[in-house]
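Working notes, structure below.
The values are calculated or read from the model by the stated rules, or taken from the named source; none is laboratory data. None of the values given here were measured: they were computed from a predicted structure. Cβ placement follows ideal geometry from the backbone for every residue including glycine, while neighbour counts extend to all protein chains displayed. These accessible areas exclude ligands, DNA and RNA; they are computed on the full protein's heavy atoms, side chains included. Shrake-Rupley method; radii C 1.70, N 1.55, O 1.52, S 1.80 Å.
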Amino acid sequence: MQRLANLSAARTDAGPTAIEVAGLSHVYDGREGKVPALEDIAMTVGAGRFVVIVGPSGCGKTSLLMMLAGLRRPSEGAILCNGRPIPSPDPERVGVVFQEASLFPWLSAQDNVEFPLALRHAPRAERRRRATDMLDLVGLQGFGGRYPHELSGGMKQRVAIARGLVQDPPVLLMDEPFAALDEQTRMTMGHELLRIWSQTLKTVVFITHSLTEAVYLADEVLVMSARPGRIIDRIAIALPRPRTYDMMATDTFGRLRDRIWQQIRTAD
Amino acid sequence: MNRLTILAVRLALLGAFLAAWEMLPRHGVLDARMLPPLGDVLRMLVDVLGRPRVQEAIGVSAGEFAVAFLIAIPLGAAIGILIAENDYLGEIFKPMLFYVFSVPKSIFLPMFILVFGIGFQQKVAYAAFSTVFIVIMSATAAVESVKADHLLVARSYGATRAQIIGRVYLPSMMPVLLEALRLSMIFNFTGVLIAEMYASRTGIGQLIANWGENFQMPQLFAGVVFLATVAIVFNESIRWLEAQCSAWRT
Ligand SMILES: Nc1ncnc2c1ncn2[C@@H]1O[C@H](COP(=O)(O)OP(=O)(O)O)[C@@H](O)[C@H]1O
Ligand SMILES: [Mg+2]
């Protein structure tokens, strides 16, 4: 554990950059006319960092994540992922975990995790092996044969994380992955995610509504304003790693959460 | 109640029904001229199925059914998918389709006779017409049953268009598609028979109408038993397929 903590501490130093966003704005041209969704977003995420984005509903968090994943092009601005633009989805560079129920109900957990590899026509044996490794990593050894409707909400999101990681992308994007879970499961899943993160050394961009979750997980929290979304604050979370549940009761934790809360309130 | 009890009760009811059909007319409780005993009907069934004229009529009906089906399914599916995928077409045509769907198709039969006569073409045209609307509506429902989230997931893993169709659209739509297949078979079957019973020189529907008009009750009931059996076998085969792939639908 001490070794992991040292490693994580080292990561907070300015190292190589995983994601770089500059001058990004987006306007939706929908049926009800033009909707400015994002305005002049600039952000830099260092490799191996855990960055959390919070902001009011509809402020453009999902839109921003889709752009980081290459699923949508911004009206303006540039995104670099590991130094290169990402004009279309590239699962070898970026894995995505969506909010809920994104597993295919007609595939077993194993086949859901293998899905990205099957798209690339990876050999069967390799698919099996990688997917099994990922299910082990997320704590689901022996559950590969289950179908999504036979899994609890938390287990489903574990499968979704395994699927996001199966091609070993350096970056993992997560859009409110635990929002549909009950509070207790949610805390457990956050803790599990930190374990997986420290084992795999990924760069994570994580969107959430929960301020507690944000402070508990993040190296840095980006606070967005209401629509059109701008980044109005960047808060470094200097709590030591590995994080423990006890930290939530500390003054530092409370102060950090209050600061984010103030920012979101004034932003609304 | 457990499944075995339910099955036993069902079989007992069926047995009672068949026994009543055999006994009541046989012993004069019911008029045997109106309802011939089951045994007589079954004997007559074997007899009529052996007649070349009946075999030919069954062949004609089956041909009409098959051709109408081969027209209605792809046509309806294409229109349905177009309406579901294109927002503008959808807004324009969806309400109209619902209106047309609610109109009983049999009132158009005289027009089909005026245009196509009373031969094979007219049966096919009318059966396809009475089937195509349910196919359009089912195809639309099938496309709309595909979850946007699932499409997004597939895209985020770099799926090609063909992969998205094969690995997301098809499996998502499969339960709805099988249900559509089942319903359109029923509509198509009904379409062929109604057209034949209304005006025709051949076909199993025409035979049945004829037997009825001539008060040949054993033949009439033999035809009814035959068609009911065919319809139930078709229906149950597709329901069995549905059950195979709907384990995950719960
Ligand atoms: N495809 C779209 N067309 C038009 N407007 C959209 C579209 N997607 C999102 N929006 C609008 O953009 C804004 C930001 O949406 P979103 O990124 O989902 O916000 P968040 O994830 O922060 O709740 C919302 O007001 C939403 O209505
Ligand atoms: Mg969102």
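Please determine, by comparing only the residues of region A:154-178 that are in a loop (DSSP other than H, G, I, E, B) and among the acidic types (D, E), which one is nearest to A:G144 (Cα to Cα). Among those that are in a loop (DSSP other than H, G, I, E, B) and among the acidic types (D, E), it is A:D168. Any residue that is farther than 23 Å from A:H209 by Cα and in contact with a Leu (Cβ under 6 Å, 6 or more places away or on another chain) - is there at least one of those in region A:171-185? No.
Of the residues B:G63, B:G50, B:G15, B:G59, the single one that is under 28 Å from the mean Cα position of the chain (by Cα), closer than 17 Å to B:I208 by Cβ and surrounded by fewer than 18 Cβ atoms within 10 Å (Cβ to Cβ) is B:G59. Any residue at all in region B:154-176 that is open to solvent by 60 Å² or more (accessible area, probe 1.4 Å), touching a residue at least 24 places away in the same chain (Cβ under 8 Å) and more than 13 Å from chain A (Cβ to nearest Cβ)? No, the conditions are met nowhere in region B:154-176. Applying the condition of being within 16 Å of ligand 2 (Cβ to nearest atom) and small (G, A, S) to region A:143-194 and asking which residue is most open to solvent (accessible area, probe 1.4 Å) yields A:A180. Of the residues B:W248, B:W240, the single one that is out of contact with any Asp or Glu (no Cβ under 6 Å at 6 or more places or on another chain), within 14 Å of another protein chain (Cβ to nearest Cβ) and either within 15 Å of B:R53 (Cβ to Cβ) or at pLDDT below 90 (or both) is B:W248.
Sort out which residues of region A:49-58 are open to solvent by less than 40 Å² (accessible area, probe 1.4 Å) and either at pLDDT below 95 or within 15 Å of ligand 2 (Cβ to nearest atom) (or both), and write them in order of number. Answer for region A:49-58, where residues must be open to solvent by less than 40 Å² (accessible area, probe 1.4 Å) and either at pLDDT below 95 or within 15 Å of ligand 2 (Cβ to nearest atom) (or both): A:V52, A:I53, A:V54, A:G55, A:P56. Looking at region A:59-96, which of the residues that are away from chain B (no Cβ under 14 Å) and within 13 Å of ligand 2 (Cβ to nearest atom) is surrounded by the most Cβ atoms within 10 Å (Cβ to Cβ)? Once the filter is applied, the top-ranked residue is A:L64.
The rows are residues; the columns are (1) under 24 Å from A:R163 (Cβ atoms); (2) at pLDDT 95 or above.
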{"position": "A:A179", "(1), (2)": "yes, no"}
{"position": "A:E183", "(1), (2)": "no, no"}
{"position": "A:M187", "(1), (2)": "yes, no"}
{"position": "A:Q199", "(1), (2)": "yes, no"}
{"position": "A:V215", "(1), (2)": "no, yes"}
{"position": "A:A226", "(1), (2)": "no, no"}
{"position": "A:L239", "(1), (2)": "no, no"}
{"position": "A:M247", "(1), (2)": "no, no"}
{"position": "A:R265", "(1), (2)": "no, no"}
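Of the residues that make up region A:52-75, is at least one small (G, A, S) and in a strand (DSSP E or B)? No: zero hits.
One line per residue, one yes/no per condition, for (1) assigned to a helix (DSSP H, G or I); (2) in contact with a His (Cβ under 9 Å, 6 or more places away or on another chain); (3) open to solvent by 30 Å² or more (accessible area, probe 1.4 Å):
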site: B:A195; (1), (2), (3): yes, no, no
site: B:T202; (1), (2), (3): no, no, yes
site: B:L207; (1), (2), (3): yes, no, no
site: B:N210; (1), (2), (3): yes, no, yes
site: B:F215; (1), (2), (3): no, no, yes
site: B:F226; (1), (2), (3): yes, no, yes
site: B:A231; (1), (2), (3): yes, no, yes
site: B:L241; (1), (2), (3): yes, no, yes
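Counting only strands (runs of 3 or more DSSP E) that sit completely within region A:199-260, those holding 1 or more residues that are open to solvent by 10 Å² or more (accessible area, probe 1.4 Å) and in contact with a Leu (Cβ under 9 Å, 6 or more places away or on another chain) correspond to A:231-236.
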